[in-house]
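Note sheet for the following structure.
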Protein chains: 2
Amino acid sequence: MPGRARVSRPAAERLSLYLREAERLAALGRVTVSSRQLGASAGAADAQVRKDLGIIGTSGQPGIGYDVAALAAAIRAVIGVQERWRAALVGAGNIGRALAAYRRLCEEGFEVAAVFDRAESVVGRRVAGIEVLPIEAIAETVRREAIGIGIIAVPPEAAQEVADLLVAAGVRGILNFAPRRLQVTPRVPVVDVDFRSALERLVLAVSQRDEESTADRPLAARPGARGVDPRRKR
Amino acid sequence: MPGRARVSRPAAERLSLYLREAERLAALGRVTVSSRQLGASAGAADAQVRKDLGIIGTSGQPGIGYDVAALAAAIRAVIGVQERWRAALVGAGNIGRALAAYRRLCEEGFEVAAVFDRAESVVGRRVAGIEVLPIEAIAETVRREAIGIGIIAVPPEAAQEVADLLVAAGVRGILNFAPRRLQVTPRVPVVDVDFRSALERLVLAVSQRDEESTADRPLAARPGARGVDPRRKR
DNA sequence: GTTTGTGAACCGTTTCACAGCA
DNA sequence: TGCTGTGAAACGGTTCACAAAC
């Protein structure tokens, strides 16, 4: 029974990273992984990894570890990337074009099936081989092309409107690159990717680190610290 | 005394959103905001907002709310975006170029001061008006141009090497677009922005939502649900 | 020896509830 | 009445510790 399980937000993020590591190891010909190695690649403790994998119903062998192939398959099943996801990209600006050109996505179960833009100067052109359609065509195209997710890469002012169009057209989830919180029905999950927010978080982390090193004692291995994790010992 | 306070990861994300809302309201001419309105724009409860603002030392007026201008200034001070941050962008591929062209960043306290790439076919060209330099020039340029943060937009295979170069050159933080966990000294914070991970998180959320609606009773306002938050009543 | 699986303790964040002020 | 500030309670995720399995 695949797909059973409630996965928390941070756990979902980690699963994504475990999957990457499992794929990397599989390509290298490795057959098993330990929870510790898996954890190192995701910045998590080994016990954390075992908890995560336990939740999604994957089990390993004591003394051996987890089967790399089975692990990857199990994570894909939980995430839901066994089949191909077709996406509608709205906004053929800088971010939109970069995304459409990001060919690697195809190998990972995703596919940009249609591109939309409001500007007449862009409509009709081709972006990564796909003809740009006017946003009025969203509803019909999403249905015809069996599109599951919408990607919003438009200026913040237009984001809400586009979100409404996509939801009305029947997409099941939205990836939002616009720096604006979208108001959509809870039936359609939204994941935000926000450059500015990321930069601000980074700068805040830098500031906090500065204060620590000047105010507190110079060298102190902080508990929540990132990097080459110093979890050893038992 | 600005900058005093320990801010948790989720709190940092929210502060970033409060700042956006405060700026938006300021532009609209509004003078005060309530914690509830601020919370709605960030997907947080009102009490949460008050806690957050209390931590950074901002206080509002009972019965009135928070002063929009003072709030924005306080958040900027905590984040550390009063001054301008100069960034080194490594990787002039699709994502790199999109980022360099994202002019809005300038208005928000950030500036791409240099662009680097390894490919000889790209070095010497101009990206958003900036000449692309070879990655060997990172160390010298970062120092000369007083660059504080590095942005990694290269393929995953090269990410770690670039990270090492940036850290050696003396950047204080790294924004990483490569889908690879970087191993860097804890002294240099890293914030990851990962499209694939975001897409996978989205698809997982979609799958989970599907199961809920089919397995459980059809209509149920879930507690952790997103969207127009139904927090009313008291 | 190595590594998994898991109950229990721990910790930080979120929510609740309400006193206090405009 | 509307809204802030805050202790206390509730919640959820992480870490610990160790028995069991290889």
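The values are calculated or read from the model by the stated rules, or taken from the named source; none is laboratory data. What you see is a predicted model, and the numbers here were worked out from it, not measured in a lab. Note that we place each Cβ from the backbone using ideal geometry, even for glycine, and neighbour counts take in every protein chain shown.
Key figures for this structure:
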read-out: Test: residue in the stretch A:85-100 that is within 16 Å of DNA strand D (Cβ to nearest atom) and aliphatic (A, V, I, L, M); value: no
read-out: Pairs with Cβ under 9 Å, 6+ apart, first in the stretch A:87-112 and more than 9 Å from every other protein chain (Cβ to nearest Cβ), second modelled with pLDDT under 90; value: A:Glu111/A:Leu105; A:Val112/A:Tyr102; A:Val112/A:Leu105; A:Val112/A:Cys106
read-out: Given (1) modelled with pLDDT of 95 or more; (2) away from DNA strand D (no atom under 12 Å from the Cβ); (3) in contact with a Gly (Cβ under 6 Å, 6 or more places away or on another chain), index of the condition A:Ala114 fails; value: (3)
read-out: Given (1) in contact with a strand residue (DSSP E or B) (Cβ under 8 Å, 6 or more places away or on another chain); (2) within 13 Å of DNA strand D (Cβ to nearest atom); (3) assigned to a helix (DSSP H, G or I), index of the condition A:Pro10 fails; value: (1)
read-out: Residue in the stretch A:65-80 that is surrounded by fewer than 22 Cβ atoms within 10 Å (Cβ to Cβ), without any contact (Cβ under 8 Å) to a residue 40 or more places away in the chain and either more than 14 Å from DNA strand C (Cβ to nearest atom) or within 30 Å of A:Arg125 (Cα to Cα) (or both) present; value: yes
read-out: One residue from A:Phe116, A:Phe177 being farther than 20 Å from A:Asp194 by Cα and among the aromatic types (Phe, Trp, Tyr); value: A:Phe116
read-out: Where B:Asp67 falls short, out of the listed (1) among the acidic types (Asp, Glu); (2) more than 22 Å from the chain's Cα centre (by Cα); (3) more than 30 Å from B:Gln37 (Cα to Cα); value: (3)
read-out: Within the stretch B:180-194, tally of residues that are within 17 Å of the chain's Cα centre (by Cα) and either more than 7 Å from chain A (Cβ to nearest Cβ) or part of a loop (DSSP other than H, G, I, E, B) (or both); value: 5
read-out: Test: residue in the stretch B:83-93 that is assigned to a helix (DSSP H, G or I), more than 16 Å from DNA strand C (Cβ to nearest atom), at pLDDT below 90 and out of contact with any strand residue (DSSP E or B) (no Cβ under 9 Å at 6 or more places or on another chain); value: no
read-out: The stretch A:47-56, subset assigned to a helix (DSSP H, G or I) and touching a residue at least 40 places away in the same chain (Cβ under 8 Å), residue farthest from DNA strand D (Cβ to nearest atom); value: A:Ile55
read-out: Which listed residue, of B:Ala22, B:Ala74, B:Ala40, B:Ala5, is under 21 Å from the mean Cα position of the chain (by Cα), in a helix (DSSP H, G or I), within 13 Å of DNA strand D (Cβ to nearest atom) and modelled with pLDDT under 95; value: B:Ala40
read-out: Top-ranked residue of the stretch B:1-42 - restricted to ones that are within 10 Å of another protein chain (Cβ to nearest Cβ) and in contact with a Lys or Arg (Cβ under 6 Å, 6 or more places away or on another chain), ranked as farthest from A:Arg209 (Cα to Cα); value: B:Ser41
read-out: Residue match in the stretch A:59-67 (condition: under 30 Å from B:Arg97 (Cβ atoms) and outside any helix (DSSP H, G or I)); value: no
read-out: Residues of the stretch B:17-54 satisfying the condition of being polar (S, T, N, Q) and in contact with a Leu (Cβ under 8 Å, 6 or more places away or on another chain); value: B:Ser35, B:Ser41
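Each row is one residue, and each column tells you yes or no for (1) farther than 28 Å from B:Glu111 by Cβ; (2) out of contact with any His (no Cβ under 8 Å at 6 or more places or on another chain); (3) among the β-branched types (Val, Ile, Thr); (4) buried (at least 19 other Cβ atoms within 10 Å of the Cβ).
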site: A:Ile135; (1), (2), (3), (4): yes, yes, yes, yes
site: A:Glu140; (1), (2), (3), (4): yes, yes, no, no
site: A:Ala153; (1), (2), (3), (4): no, yes, no, yes
site: A:Leu175; (1), (2), (3), (4): no, yes, no, yes
site: A:Ser207; (1), (2), (3), (4): no, yes, no, yes
site: A:Glu211; (1), (2), (3), (4): no, yes, no, no
